[in-house]
1. Residue under question is A:LEU219, and the condition is that it be part of a helix (DSSP H, G or I) and either more than 24 Å from A:ALA16 (Cβ to Cβ) or hydrophobic (A, V, I, L, M, F, W, C) (or both); does it hold?
2. Within the range A:381-397, take every residue that is within 35 Å of the chain's Cα centre (by Cα) and more than 14 Å from B:VAL76 (Cα to Cα) and give me the one that is modelled with the highest pLDDT.
3. May I ask you to list pairs of residues, at least six apart or on different chains, whose Cβ atoms are under 7 Å apart, with the first in the range A:117-129 being at pLDDT 90 or above and the second being among the basic types (Lys, Arg)?
4. Does the range B:74-89 hold any residues that are in a helix (DSSP H, G or I) and under 18 Å from B:LEU116 (Cβ atoms), and which are they?
5. Working carefully through the options B:SER161, B:SER113, find the one that is more than 13 Å from chain A (Cβ to nearest Cβ), within 18 Å of the chain's Cα centre (by Cα) and either hydroxyl-bearing (Ser, Thr, Tyr) or part of a loop (DSSP other than H, G, I, E, B) (or both).
6. Identify the single condition in (1) surrounded by 12 or more Cβ atoms within 10 Å (Cβ to Cβ); (2) more than 8 Å from every other protein chain (Cβ to nearest Cβ) that A:GLY436 does not satisfy, given that it satisfies every other one.
7. Could you please tell me which pairs satisfy a Cβ distance under 7 Å, a separation of 6+ or placement on different chains, a first residue in the range B:93-107 that is over 13 Å from A:ALA379 (Cβ atoms) and facing another protein chain (nearest Cβ under 7 Å), and a second residue that is of a type in the set (A, V, I, L, M) and outside any strand (DSSP E or B)?
Amino acid sequence: MPVSIACLVIPDLPLASVYRSHPRLEQKPVAVCESDDSDAPILSVSTQASVFGIRRGMSRSQAKALLPDVLVFMLAQQWLRSALHALRDVALSFSPRVSKVDSDSVAGLLHGHVYLDAKGLYGLYGDENRLGRVMAHSAQKLGLDIRVGLSDVVHVAKLAALSATDTAPVRIVAKGTEQKFLAPLSLDILSLPAQLRRILDSFGINTLGKLASLPERGLKLRLGHEGMMAWRLSRGEPVEHFVSEQLRESFAEFSDTAWPMDRLEPVLAELEQVFVRLSHRLGCRGFVARALLISLDLESGDLWEHEVQPASPCLDTRVWLDAARLVLQAEPPKSPVEKVGARAFVLPARPGQGDLFRRTVLVSSRKLDEVLARLGAVAVTGGVGSPRLLNTHRPDPVEMAPVGRGGADFMLSCGDTVAIRRFRPPLRVEVLLGHGRPVRLDSPVFGGRIVRAAGPFSLRWGWWEDRAVQRDYYDVELSSGGLYRLFFDAVGKRWFADGVLG
Amino acid sequence: MDIIEHLKRKGLVHVARNCSEELELLPSGYERLDSLCSGGLAKGRISEIMTGPWGASSVIYSLLARATAGNGAAAVVDLGQGFDAVSAACAGVSLDRLLWVTPRGIKEAYQASDLLLATNGFVAMVLDLSSREIESTNAAWMRLDRLARGSNTVVLVLSRSGLVGPFAHVSLQVRRCRPVWRRAGDGKSSNAPFCLAGIDLDFVLHRRRSA
């Protein structure tokens, strides 16, 4: 019978969070420090750096002395949180029952882990091994190198994941084989209290197998509750239970810049990295972003925040970047940028089938949404949609509705409507009157003698408001052949051209 | 064969055409214009109308009405923001199947057209650049022509003077715009005021390419 609990572990959380934020550094010697101080201890070291003798616990200066080119990063809590949230996203993309994501230290190395209920997943993925590999692959897409452990016992699943390797990232402990699996493991893997560990060392106990072989009664008398807990853990007995938790979703990503940036392009380049990570996380969970809150930490200590809304919810980072570029160009930050972040407000991604409009347009809904969002970046504000007619007598009774929701929900009376192309806003013109009727039209763009004019057609609207409209419309034909619709604004006492007829 | 068809649709593979091959046409609803274009505007090609000082918006609305009839969708890239939805609705355009885009500038208008043509989901796309004088850029038209050929969309470009040049399958100019005036009411009273009852557009063919 397949096992029921899967545990996903990020084995070296500080390093993984750095690599996730700076994917290009994966082949470079990297160390992660607790703080900016020169004597701050190193928490994590990449393989490339460890080759040169750099070890955990060394100070930053010692590491630099061994290898001047080593890249030393300060541990950023935001990066850690993002990496843990991404790990939870991976788990949630497989199962709705997921535990709280947590970080823990084993032998001085911080790791992040999350449990998920794997029951019912085998119908989709086959066996445990395949499920684990798919999970690891899915995490890789989000920039995480994880290990997967599967077992029926919660802590055994975690220990299985911790004992997995780079080459074999999935470890399965079948039911009934827990003790056999645990026996050769070092006691270091349990993170026991220091005093208990010293006592066990003095007994010559250094593996879980040796601990499990101790008699229960004597152990209880000598080592108390903590000793009993360790004993039960070493025997693979269920000590903790799987608890699924519904947490508030947070889709936020951040990036620390190496130096304050005072140009737009580097800020956008950082933002692109943030967007890519965010987009992968949303994609993995089946969400799209309806809006993004971009936040920039400025050198002056101020926070620059702005919400951008794509014309249509999407996952396309190019669209997000175009929207961010427009906002940054319109309202540039007042001082150089030190940190870049983005938070996504999400909607469930639309399934493949759409409404009538979307079926008509022979592209998938997602593709159409992306196109609409990209159109939003090249159009004026609110300049993408379907025109909707308003049931009113006010001039130009049109508003932009979402695509596919245009039209009129009333009976439109057309009569002898002549097609017009409007001037938006109406064009200011000079009109000469003869016997109370327009006889000549002048404007910077067109003009001439008016050979025939029809009108006036009066429009009185909004007199119950402050912005009353009182217009007298004329359709005029110029001697040059042009046909225009003019109106006299009785409120402002001025003439305007409303559009060209044709 | 499916792969070749797919690549052809994407415009990545071009197959030499038989000169006698006929393009699918979409009638504009304007008899004079359709007769000059052998029955309508060609799908998968760029057609251009040079409006001069006249509007020619009735042609747009008529074409869009044909395109949106029977579940089709159409798009208008409207540089001058002059599209009048009331006139369009009266001409029979289904506004709920119309995508109206108002780009910020000419470059954005080309980008919007590019995106829309790449979807290959619209029966007709009108690129209205007639609101101002624009300098022609061959590179943009070459790209749009390639995209149009990979799609099944009628692309109608409206410009003041010719913009599309050799990339236009058919290029027409509005020669005359004759207003139809009639007296209000039953039209018989000599004292009744005049009103504009319609406009009759006349076109002249500038250029037309064979299939």
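1. For A:LEU219, the condition - part of a helix (DSSP H, G or I) and either more than 24 Å from A:ALA16 (Cβ to Cβ) or hydrophobic (A, V, I, L, M, F, W, C) (or both) - is met.
2. Among those residues, the one meeting the criterion is A:ARG388.
3. Listed by first residue and then by second, the contacts come to A:ASP117/A:ARG97.
4. Matches in the range B:74-89: B:ALA88 only.
5. One residue alone meets the criteria, B:SER161.
6. Here A:GLY436 clears every test but (1).
7. Matching pairs, first to second residue: B:LEU95/B:ALA85; B:LEU95/B:ALA88; B:LEU95/B:ALA89; B:ARG97/B:ALA73; B:LEU98/B:LEU64.
Each row is one residue, and each column tells you yes or no for (1) touching an Asp or Glu at 6+ places or on another chain (Cβ under 7 Å); (2) surrounded by 12 or more Cβ atoms within 10 Å (Cβ to Cβ); (3) more than 20 Å from B:ALA197 (Cβ to Cβ).
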site	(1), (2), (3)
A:ALA454	yes, yes, no
A:SER458	yes, yes, no
A:TRP463	no, no, yes
A:ASP466	no, no, yes
A:VAL469	no, yes, yes
A:LEU478	no, yes, no
A:ARG485	yes, yes, no
A:PHE496	yes, yes, yes
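The values are calculated or read from the model by the stated rules, or taken from the named source; none is laboratory data. Bear in mind the structure is a predicted one, so any value in this text is a computation, not a measurement. When we count neighbours, we look across all protein chains shown, and the Cβ atoms used for this are built from the backbone with ideal geometry, even at glycine. The area values use the complete protein model at the heavy-atom level, side chains included, leaving out ligands, DNA and RNA. Shrake-Rupley method; radii C 1.70, N 1.55, O 1.52, S 1.80 Å.
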